[in-house]
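Structure first, then comments.
The values are calculated or read from the model by the stated rules, or taken from the named source; none is laboratory data. Note that the structure is predicted; figures quoted are calculated from it, not measured. Glycine also receives a Cβ, built like all others from the backbone with ideal geometry; neighbour counts cover every protein chain displayed. Accessible surface areas use protein heavy atoms only, side chains included; no ligands, DNA or RNA. Shrake-Rupley method; radii C 1.70, N 1.55, O 1.52, S 1.80 Å.
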Amino acid sequence: MSFARAYATQAEDLAGALGITDAAAKALMKDEFKAVEKVELYDWGKEPEERFYRPEIEAGAREREAAQAAGTSAESDRARARDVQECVGAAGRARGGDRRRERDAINVQLDKLKRFRFGLNRTIGVHAGLLS
């Protein structure tokens, strides 16, 4: 899932829980993340997106380009099948060796999000107490 999509989904959930707009929820998320992590949320989210999501998108684009460039002759069909198998095999080998590292990186990110959400809930509770 892209960072923008994950960000929007979390903002919708938060907005629904608090009864505010998605834009207000995004602003809360962004401000709280910066306060806790000392870095912009968007900047932080782009790095894992480039590392994990972008390669999947690019692999799909290469496969579509290869399919469009292939001719209709039997030889080009066989060549296209070999190319696709090689791409799939290479992607599988690359992913197989990196899955543990990817899973560990994702778990680290999930832990950061949990801390962020805890901090956000704590901040909202403080603000709610001030508004009462």
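Quick one: would you say A67 is surrounded by fewer than 12 Cβ atoms within 10 Å (Cβ to Cβ) and farther than 20 Å from N107 by Cβ? Full working, then the answer.
Numbers: surrounded by fewer than 12 Cβ atoms within 10 Å (Cβ to Cβ): yes; farther than 20 Å from N107 by Cβ: yes.
So A67 passes the test.
Of all residues in segment 24-57, which are acidic (D, E) and open to solvent by 90 Å² or more (accessible area, probe 1.4 Å)? Explain how you work it out, then say what you get.
Residues of segment 24-57 that are acidic (D, E), as a first pass: 31-32, 37, 40, 43, 47, 49-50, 56.
Listed by number, the residues that qualify are D31, D43, E47, E50, E56.
Any residue at all in segment 15-22 that's in contact with a Phe, Trp or Tyr (Cβ under 9 Å, 6 or more places away or on another chain) and either surrounded by 15 or more Cβ atoms within 10 Å (Cβ to Cβ) or under 14 Å from Q109 (Cα atoms) (or both)? Step through it out loud before you land on a result.
So in segment 15-22, the residues in contact with a Phe, Trp or Tyr (Cβ under 9 Å, 6 or more places away or on another chain) come out as none.
No, segment 15-22 has no match at all.
Under 8 Å by Cβ, and 6 or more places apart or on different chains, what pairs join a residue from segment 46-68 that is closer than 17 Å to A4 by Cβ with one that is open to solvent by 50 Å² or more (accessible area, probe 1.4 Å) and outside any helix (DSSP H, G or I)?
Listed pairs, sorted by first residue: Y53/M1.
Residue by residue through segment 1-55, note down the ones that are at pLDDT below 90 and assigned to a loop (DSSP other than H, G, I, E, B).
Scanning segment 1-55 gives M1, S2, V39.
Pull out all pairs, ordered by first then second residue, where Cβ-Cβ is under 7 Å, the residues are six or more apart or on different chains, the first lies in segment 16-36 and is in contact (Cβ under 8 Å) with a residue 24 or more places away in the chain, and the second is of a type in the set (G, A, S) and in a helix (DSSP H, G or I).
L18/A25; M29/A11; E32/G119; V36/G119
Looking at E50, E65, which one is within 25 Å of R100 (Cα to Cα) and out of contact with any Leu (no Cβ under 9 Å at 6 or more places or on another chain)? Walk me through how you get there before you give the answer.
Values: E65 fails: within 25 Å of R100 (Cα to Cα).
Checking each option against the conditions leaves just E50.
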